[in-house]
Structure formats: structure tokens, C-alpha cells
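The values are calculated or read from the model by the stated rules, or taken from the named source; none is laboratory data. All of these numbers come straight from a predicted model, not from anything done at the bench. Glycine also receives a Cβ, built like all others from the backbone with ideal geometry; neighbour counts cover every protein chain displayed.
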Amino acid sequence: MAPSDLPAVMAIAAVVHPDYPEDEAVFAERLRLAPVGCHVLASEGGGLLGYLVSHPWPDGMVPALNSLLGEIPQGTRNWYIHDLALLPEGRGGGAAGGIVAQIADHAALAGCSSLALVAVNDSTGFWWRHGFREVHDPVLDRKLASYDDAARYMRRELQV
């Protein structure tokens, strides 16, 4: 992902996650803080079909929606998938699974012991297929209330 991709990323986010709007500044900051964790998924013709935004973040912590991080805490051993979004025409071809595998490999090489995310839009089945499991914690459950009742914090252990 490059800064020039952000308008297209915002357009995809508006289609895929209309109930979870975030400002372009949020995506720009994630890209600045962790460029290796931010990717676009392009069609053969070059148009964008989706994106992944991810970065190191402490396990068990969920950044608030539409909020800036400021910085990545030093010594973080968890890689957080902030957002994975694919337009309907980009689904079913394995792109999402491929980018998740790539980020998992990168996180392990960076010394992270886990990946984590908040699953929304009935995506828990997809994340289960990629090794993630739900984490039940009353404190996290209260934080997830800002998403919706179906939001789930999920984690995947990595081989370091």
C-alpha cells in the first residue's frame, strides 16, 4: 500500500464496512507506523479489490474505532489485523487467505508470538479457517460493544 492508494482504500472501506467508518487519517497513520503490514489487493487490470491494514499492537488490547494510535508500544509481540476488506468481486479467489498467510509469516519473522483481530460482519468462520480462535474476556467484551453484538476478539498463536 502507498499513500496514493488511500482514496481507493477509503472507497472500499465504505462499501465493505459501512457500519464502521474511519477517517482517512487512521489508515494513513497505520501505513506510516507499519508500512510492511499494509497491502492492497489488485485485480489483473490493476484496479483495487481490497486491502489489509495491520500492525504490531499489544495482545488483548483493541484500538478504539476511528482513533489514532500515536505510536506502536515497544516490545509488542502481537501483530494486530486492523482491517481486511475485499469487494464482492474480489472474493472467492484465495486473495484474503493468501495475504493473511503472508502477514502471519511476516509477524513470526518479526518475533511476534500471536496475531489478533476483531471479527465483524459475520467473518468468524473465515478467521476460524485461518487458525484464529475466539478469546472470551469480560473487559474485551465491553470494548467490543462499540462495534456490535456479533464482534469477536480472535487470536492465532504463531510459531516463532
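Tabulated results
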| quantity | calculated |
| --- | --- |
| Subset of region 24-59 [assigned to a loop (DSSP other than H, G, I, E, B), modelled with pLDDT under 95 and out of contact with any Gly (no Cβ under 8 Å at 6 or more places or on another chain)] | Glu44, Gly45, Gly46, Gly47, Asp59 |
| Exclusive hit being part of a helix (DSSP H, G or I) and at pLDDT 95 or above, set Ala116, Ala104, Ala96 | Ala104 |
| Among (1) farther than 17 Å from Ile12 by Cα; (2) surrounded by 13 or more Cβ atoms within 10 Å (Cβ to Cβ) - the single one Asp83 does not satisfy | (1) |
| Residue list for region 12-23, filter: among the acidic types (Asp, Glu), surrounded by fewer than 13 Cβ atoms within 10 Å (Cβ to Cβ) and either modelled with pLDDT of 95 or more or under 23 Å from Glu71 (Cβ atoms) (or both) | Asp23 |
| Members of region 60-77 found to be of a type in the set (S, T, N, Q) and either touching a Gly at 6+ places or on another chain (Cβ under 9 Å) or more than 10 Å from Glu22 (Cα to Cα) (or both), listed by number | Gln74, Thr76 |
| Odd one out for Val53 among (1) closer than 21 Å to Pro7 by Cβ; (2) of a type in the set (Val, Ile, Thr); (3) in contact with a Ser or Thr (Cβ under 8 Å, 6 or more places away or on another chain) | (3) |
| Hits in region 108-127 - residues which are surrounded by fewer than 14 Cβ atoms within 10 Å (Cβ to Cβ) and farther than 25 Å from Val36 by Cβ | Asp122, Gly125 |
| Selection count, region 131-147, where residues are in a loop (DSSP other than H, G, I, E, B), within 17 Å of the chain's Cα centre (by Cα) and on the phi < 0 side of the Ramachandran plot | 4 |
| Identity of the residue in region 148-160, more than 15 Å from the chain's Cα centre (by Cα) and within 24 Å of Glu22 (Cβ to Cβ), that ends up modelled with the highest pLDDT | Ala150 |
| Residue in region 60-76 that is in a loop (DSSP other than H, G, I, E, B), touching a Lys or Arg at 6+ places or on another chain (Cβ under 7 Å), surrounded by 13 or more Cβ atoms within 10 Å (Cβ to Cβ) and in contact (Cβ under 8 Å) with a residue 12 or more places away in the chain present | yes |
| Scan of region 1-11 for residues that are buried (at least 18 other Cβ atoms within 10 Å of the Cβ) and part of a loop (DSSP other than H, G, I, E, B), ordered by number | Met1 |
| Tally, over region 29-46, of residues that are touching a Leu at 6+ places or on another chain (Cβ under 9 Å) and surrounded by fewer than 15 Cβ atoms within 10 Å (Cβ to Cβ) | 1 |
